[in-house]
Structure formats: C-alpha cells, structure tokens
Amino acid sequence: GENVEQHPSTLSVQEGDSAVIKCTYSDSASNYFPWYKQELGKRPQLIIDIRSNVGEKKDQRIAVTLNKTAKHFSLHITETQPEDSAVYFCAATYPGAAQKLVFGQGTRLTINP
Amino acid sequence: DSGVTQTPKHLITATGQRVTLRCSPRSGDLSVYWYQQSLDQGLQFLIQYYNGEERAKGNILERFSAQQFPDLHSELNLSSLELGDSALYFCASSVVDFVTGELFFGEGSRLTVL
C-alpha cells in the first residue's frame with residue numbers, strides 16, 4: 001500500500017555530531033522524495049529533496065541519499081547545531097491517476113549542547 | 001511567511017458539531033492540499049484540488065468534505081465531529097504539483113473537539 005516507514009521516531013545527538021534518519025517506501029515507481037522540517041508549533045518546511053534519477057544530493061550540512069533498489073532514502077545532518085532540533089518528515093510520491101505525497105511518521109531530533 | 005493563509009488558527013467545538021476550515025493558497029498556486037496531523041503523528045494526506053477540481057484523495061473520512069472555489073481558496077468541512085478529529089489541519093499549496101514545485105504549508109488550524 002501507500003506507506004512510508006521512517007526510523008527512528010526519536011533521535012538525540014550531541015552538538016557537533018551527525019544525525020541520520022532513514023525512510024523506506026514501497027512503490028518502485030515513486031520518483032520524488034522530499035524532506036520537511038517542522039519546528040515546535042510551526043509549519044513544515046522543505047529542507048531538501050531528491051528525485052529518482054539522482055543517488056545523492058547535498059546542501060551545506062544536509063545531504064540525502066537514495067537507494068532505489070532497496071527503496072530506501074536517508075537524511076544526513078553533519079555538524080549538528082541546537083537549531084537543528086525539530087521534527088523531520090520524509091515523504092515519497094505514490095503514482096496513480098494522480099500522484100500523492102505520502103509522509104513518514106516523523107523523527108523528533110534533539111541536539112544536546 | 002509561506003504565503004499560505006489558514007483560518008481560523010484555533011477552534012474549539014463539541015462532538016457532533018460541524019466546522020469549516022479555510023485556506024488561501026499562495027498567489028499563483030493552483031493546487032491546494034489538506035493534511036491532518038494528530039498529536040505526535042505524521043502528516044496524513046486528506047485531499048488535493050487543482051484549479052477547482054479534485055485531483056487526488058487520501059484517507060479522508062466520509063464526514064469530511066472539501067472544495068476549491070474559482071478564486072482558488074479552499075474549504076475543508078468537518079461534520080459530526082468526534083473526539084478523535086482533534087488535530088492540526090494543514091493546508092498546503094503548490095504551483096501545479098509537489099514534484100514540479102515546492103509544497104508550501106500554512107500555519108495550520110488547530111481543532112479541539114470536546
């Protein structure tokens with residue numbers, strides 16, 4: 001079915017360390033994978049995305065990797081800072097008569113000073 | 001500010017009642033999406049409209065309905081409300097779809113059903 005599994009649900013790392021969040025999708029036809037960051041009490045905002053014709057994309061301290069064979073994609077945050085604390089959502093498109101963007105359950109990331 | 005406007009920001013009502021949530025998309029965006037976020041839950045896709053027409057449907061209950069008007073604003077109607085409908089309802093918009101253009105979220109409407 002249309003499902004995106006996201007792990008872990010909570011993640012706590014020391015400031016300066018790296019954080020990795022992983023997602024799995026089920027439809028091999030999925031072709032677009034965005035990541036959204038939601039700070040407490042705020043709206044989700046796009047931080048990075050990747051399309052199925054690319055294996056990796058980087059934007060400063062944030063990178064996303066995609067393994068189409070395994071239907072996995074991951075968010076990597078390096079040199080974490082306190083402002084990285086938020087809930088992160090992965091998402092994947094599910095093709096059909098109309099594409100749907102299905103979100104994972106979210107990962108609450110806490111950066112400890 | 002994403003440019004997507006949602007009203008009301010907060011709403012408290014009783015079980016069995018009906019409410020309407022309103023969304024104005026960013027200027028120029030033709031698609032509007034509704035998502036439900038329950039406490040500590042992910043974003044559940046409800047429905048998408050494109051230029052006034054329903055385009056995609058997710059896990060939207062029969063008690064819920066939505067529409068997009070000629071001026072492209074959208075309304076989500078929730079009826080026969082139950083305690084479990086308490087959630088943050090987000091509207092989002094994009095130029096055409098979320099693949100060709102970023103999805104911009106509004107600040108959400110927090111619904112509390114007592």
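Below are the figures for this structure:
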{"item": "Breaking point among (1) within 12 Å of chain B (Cβ to nearest Cβ); (2) part of a strand (DSSP E or B), for residue A:43", "result": "(2)"}
{"item": "Residues being in a loop (DSSP other than H, G, I, E, B) and on the phi < 0 side of the Ramachandran plot - total across segment A:7-40", "result": "13"}
{"item": "Conditions (1) more than 14 Å from every other protein chain (Cβ to nearest Cβ); (2) β-branched (Val, Ile, Thr); (3) surrounded by fewer than 18 Cβ atoms within 10 Å (Cβ to Cβ): number failed by residue B:113", "result": "(3)"}
{"item": "Matching residues, segment B:82-110, being hydrophobic (A, V, I, L, M, F, W, C) and either crowded, with 20+ Cβ neighbours inside 10 Å or within 14 Å of chain A (Cβ to nearest Cβ) (or both)", "result": "B:87, B:88, B:90, B:91, B:92, B:95, B:96, B:98, B:99, B:103, B:104, B:105"}
{"item": "Of residues in segment B:92-110 being modelled with pLDDT of 90 or more and outside any strand (DSSP E or B), the one farthest from residue B:1 (Cα to Cα)", "result": "B:108"}
{"item": "Selection within segment A:21-34 - more than 11 Å from chain B (Cβ to nearest Cβ) and either aromatic (Phe, Trp, Tyr) or surrounded by fewer than 16 Cβ atoms within 10 Å (Cβ to Cβ) (or both)", "result": "A:25, A:26, A:28, A:29"}
{"item": "Of residues in segment A:88-99 being at the interface with chain B (Cβ under 10 Å from one of its Cβ atoms) and buried (at least 21 other Cβ atoms within 10 Å of the Cβ), the one nearest to residue B:57 (Cα to Cα)", "result": "A:94"}
{"item": "Residue match in segment A:83-95 (condition: out of contact with any strand residue (DSSP E or B) (no Cβ under 7 Å at 6 or more places or on another chain), modelled with pLDDT under 95 and not hydroxyl-bearing (Ser, Thr, Tyr))", "result": "yes"}
{"item": "Selection count, segment A:100-113, where residues are facing chain B (nearest Cβ under 8 Å) and either out of contact with any Phe, Trp or Tyr (no Cβ under 7 Å at 6 or more places or on another chain) or free of Cβ contacts under 8 Å to residues at least 12 places away in the same chain (or both)", "result": "1"}
{"item": "Pair list, Cβ < 7 Å and 6+ apart or interchain, from segment A:66-87 residues that are closer than 18 Å to residue A:4 by Cα to residues that are of a type in the set (D, E, K, R) and surrounded by 12 or more Cβ atoms within 10 Å (Cβ to Cβ)", "result": "A:72/A:22; A:74/A:22; A:87/A:108"}
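Yes/no per residue for (1) touching a residue at least 60 places away in the same chain (Cβ under 8 Å); (2) at the interface with chain B (Cβ under 10 Å from one of its Cβ atoms); (3) in contact with a helix residue (DSSP H, G or I) (Cβ under 9 Å, 6 or more places away or on another chain):
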{"residue": "A:14", "(1), (2), (3)": "yes, no, no"}
{"residue": "A:36", "(1), (2), (3)": "yes, yes, no"}
{"residue": "A:49", "(1), (2), (3)": "no, yes, no"}
{"residue": "A:54", "(1), (2), (3)": "no, no, no"}
{"residue": "A:64", "(1), (2), (3)": "no, no, no"}
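The values are calculated or read from the model by the stated rules, or taken from the named source; none is laboratory data. This structure is a prediction, so every number in the text was calculated from the model and none was measured. In this analysis, Cβ positions are derived from the backbone assuming ideal geometry, glycine residues included, and neighbour counts consider all displayed protein chains.
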